[in-house]
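Have a look at the structure below, then the notes.
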Amino acid sequence: MALSIIIITAVLPKQTKFKYEFEKGNVWLHDDLVSPYNYPIRKTIEEIKDDKESILKSILPVYEIDNQVLQNQADQYRADFEAKWKNAGLKDDANKVLNFDTGFQILQNIYQKGVIGLNKKYQRDGAQYVISLLKNNYETQVSTASLYTQASATLEAGQELINKRNIEADIILGIIKDRISPNVIYNERLTDKIEQQAIENLSSTRGMVQKGELIVAKDASIDEDTYQKLESLRLSYEDSATRPNDRKLTLVGQFLLVSTILSLLMSFLFLFRKDIFADNRQISLILIVFTGMLVFLSLCIKFKLPSLYYIPYCIVPIIIRILFDTRLAMNIHLLVVLIASFFLPNSFEFAFLQITAGMVAIYSIKNLVRREQFLLSALMILLNYFVTYLGISLIREGTIDAIEWIKFLPFLFSVLLSLLAYPLIYLFEKLFGITSDITLIELTNTNSSILRELAFKAPGTFQHSLQVANLAEAAIFKIGGNGLLVRAGALYHDIGKMDNPQFFIENQNKGLNPHDKLPYEESAQIIIKHVLNGIEMARRHNLPEVIVDFIRTHHGNTRVDYFYQSFLKNFPEKIVDENTFRYPGPIPFTKETAVLMLADSVEAASRSLKEPDAESINTLVERIIEYKLEQNQLNDSNITLKEIETIKLIFKTMLMGIYHVRIDYLKQN
């Protein structure tokens, strides 16, 4: 507990907490708020985004003249001209020089004016745009309309050649066209640098609130402008509270809060779950889950997660509910949300959303009998988030059109992450030796290897176990308890009979009883030994200890009365050691193990009824349960007399159904 307090306190955010809660569109319920000092009004995210877009539009793209292009193209022009003039079969005379010089001059004029490659990024308002042109380290602003493109340069060259005499226009135009490429080059690196500097110099504030200025009056509505002033004050207050002395006091405050919360948790365990409080293993698991969630939350705050609703808060109540119970899951979830809400904006909204979601998570898996309930639970949590988010948004905005549905996406992601509870539960089970309802579901599968072996070696015992499971599960469901646990315990409680199945009456063929050839003491020991054999077998197959408890306690420390009474009757002169005929115990110590003991005895005894009817079944159930009470077998099981009466009624009703007993309602009335 102390370690958890230290860890949680160490990782929680250390800024001080703004003492006012407010929401846009709501009424200011506090006294008039006057600014305690001068502070800037911070821009909203939307305003900053608009400013960025505006400033990026105002920055001209940077282009540079590349003189190397003209030089390269001029050299290539000479080579192309010689080749094409020769291929055309034209004479090498003065006309050749004229054609060469004319084309070369046109090419130079084109590059002198400049050829540009247009960038679609800047063609927002039309094909032409203004650029910042660097030429010999001088910057000028020009329109791209004053420059050539490759197409317009080719067209201009053609127009000039048409008006020239003694010029082979087609040959010269073809050469020029191939030699036109952009020499006004877009400098992306420099443009990006200028844009980045402009964005960095962009102010994140707009205006100032002066000391003594009224920010908001009591009962006034918080509009957009007022909300931004309040939010700016909150951020300014929390950012400024970073002095070492303030941090120390904040640390003390957090220590006190976390200590209070964990003390409440431990008090709950001490008052209502003493079994967990006395088990360091289980307390360690609870504290690991509790501490882990708050550490994860703190890290998300530190690394500025876009929305803290991405965090799967419902994973905590799901894990605790599956591994322990509903009350503990609810208690821990409330405590986690209480601490988390203190460090998040809109604390009430956060607490309302998460508490209701946690309640839905716990309620939806109250009776976990199928794995698909996890998916159904996730859908119900998502539905709860949707309804509560819609309700809060309608209260805040007053219109459905203003709801920001994009902000609901974190809830969807959170619900998907909550499915991680399944592998985490498996991990915690293995590390801490706790048996969850999921494991119990797997154990109640009659196709498991040990139950298949039981059905093959001791079919009578297997059928008996199934009937006991049905009786015990129905009874525990009525009086309150873990139905899955008692069913699993019932299915495995007699697995020790597999070693000597023929010595138990339900597995014997008629007329063949191996006990007839054995002394009563030896027969009793064989019967008693099935408990010890069952414990050994269960541990060999790695069955959970909670299942082993059912094997150990299903006979308590009662006597094997048939052989005990037979010994007394046949050997009255001998001194008998009663412990020879008594099970080693212990007696049942939970409601579930107590119900199994009663169901086991009643079901086994009911098989001896020759003509089962309502009266004989009623007498049998009363006699068996009264005998257990007289033998003090239920003293440690925390079961009440009222619950015992309910159990009797369930057993009688189910046994009558099993044996198809017809009830004479007229006689009963």
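The values are calculated or read from the model by the stated rules, or taken from the named source; none is laboratory data. Only a predicted model underlies this, so the values are computations on that prediction, with no experimental measurement involved. Here Cβ is always computed from backbone atoms with ideal geometry, including for glycine, and neighbour counts include all displayed protein chains. Remember, those area values only see protein heavy atoms, side chains included, never the ligands or the DNA or RNA. Shrake-Rupley method; radii C 1.70, N 1.55, O 1.52, S 1.80 Å.
A few notes on this one:
- The label-point distance for M1 and L256, in a model that sets each label 7 Å from Cα toward Cβ, rounds to 2.0 nm.
- Over all pairs of different C-alpha atoms, region 553-617 has a mean inverse distance whose reciprocal, the Kirkwood radius, equals 13.8 Å.
- Gain upon complete extension [S143, R247; 0.36 nm per residue less C-alpha separation]: 31.7 nm
- Close amide H contacts of V560 (hydrogens built in the peptide plane, cut-off under 5 Å, sequence separation of 5 or more or a different chain): R582, Y583.
- Sequence-distant lysines (8 or more away, or on other chains) whose Cα lies within less than 20 Å of K57: K43, K49, K120, K121, K193
- The stretch between L394 and K121 holds 94.3 nm of extra length on full extension. This uses 0.36 nm per residue minus the Cα-Cα distance.
- With the simple model of a label 7 Å out from the Cα in the direction of the Cβ, I45 to F432 spans 3.6 nm.
- Anchor K478: aspartates and glutamates whose Cα lies under 14 Å away (excluding residues fewer than 8 positions away in-chain): E592, E643, E645
- A455 versus D401: modelled label distance in nm, points set 7 Å from Cα along the beta carbon direction: 6.5 nm
- Gain on full extension, evaluated as 0.36 nm per residue between N509 and T653 minus their Cα-Cα distance, stands at 48.9 nm.
- Subset of K529/K610; K52/K229; K229/K302; K24/K218; K457/K610; K274/K366 violating a 18 Å alpha-carbon distance limit: K529/K610; K52/K229; K229/K302; K457/K610; K274/K366
- Applying the Kirkwood pairwise sum to the alpha-carbon positions of region 90-220 produces a hydrodynamic radius of 19.2 angstrom.
- Protein accessible area in region 294-425, 1.4 Å probe - carbon and sulfur %: 74 percent
- Partner lysines whose Cα lies under 30 Å from the Cα of K86, excluding those fewer than 8 positions away in the same chain, are identified as K96, K164, K177.
- Computing Rg and the Kirkwood Rh from the Cα coordinates of region 1-138 gives a ratio, Rg/Rh, of 1.43.
- When restricted to Cα atoms, region 448-576 yields an Rg and a Dmax of 16.1, 50 Å, respectively.
- As computed over region 567-669, the Cα convex hull volume per residue (Å³): 135 Å³
- Helical contribution to [θ] at 222 nm, DSSP H n ≥ 4, -39,500 (n - 2.57), averaged over the chain, rounded to 500: -19500 deg cm²/dmol
- Rg and Dmax of region 434-521, based on Cα coordinates, read 15.2, 46 Å.
- Environment charge at K135 (Cβ cut-off 14 Å; Lys +1, Arg +1, Asp -1, Glu -1): -2
- Rounded FRET efficiency, nearest 0.05, which uses the C-beta distance separating Q525 from E622 and R0 of 30 Å: 0.45
- Coordinate range of the alpha-carbon atoms in the chain per principal axis, descending: 151, 81, 55 Å.
- Pairs of Cα atoms in region 372-442 fall into 10 Å distance bins, from 0 up to the last occupied one, in shares of 17, 35, 24, 14, 9, 1 percent.
- Region 326-481, Rg to Rh (Cα coordinates; Rh as Kirkwood inverse mean 1/r): 1.12
- Relative contact order [Cα under 8 Å, 6+ residues apart], region 63-222, whole percent: 35 percent
- Normalised by the number of residues in the chain, the average gap of Cα pairs under 8 Å and 6 or more apart makes the relative contact order 13 percent.
- Accessible-area value, L323, 1.4 Å probe, nucleic acids and ligands omitted, Å²: 10 Å²
- Helix 67-87 axis, angle to the chain major axis (alpha carbon atoms, nearest 10°): 70 degrees
- Largest to smallest in accessible area, the residues L107, L512, L518 fall in the order L512, L518, L107 (1.4 Å probe, all protein chains included).
- With the whole protein complex present, R552 retains an accessible surface near 70 Å², based on a 1.4 Å probe.
- Solvent exposure of region 317-425 as accessible area per residue, Å², 1.4 Å probe: 46 Å²
- On a per residue basis, region 587-662 carries 51 Å² of accessible surface, using protein heavy atoms and a 1.4 Å probe.
- Restricting the calculation to Cα atoms, region 89-141 yields a radius of gyration followed by a Dmax of 18.3, 52 Å.
- In terms of overall dimensions, the C-alpha atoms belonging to region 136-213 reach 88, 22, 21 Å along their principal axes, ordered largest to smallest.
- Ranked order, E626, E643, E188 - accessible area, probe 1.4 Å, largest first: E188, E626, E643
- Pairwise FRET efficiency - K91 versus L235, Cβ, R0 = 56 Å, nearest 0.05: 0.10
- The chain: angle of helix 45-58 to the longest principal axis, Cα-based, in degrees nearest 10: 20 degrees
- D31/D192 FRET efficiency (R0 51 Å; Cβ-Cβ; nearest 0.05): 0.50
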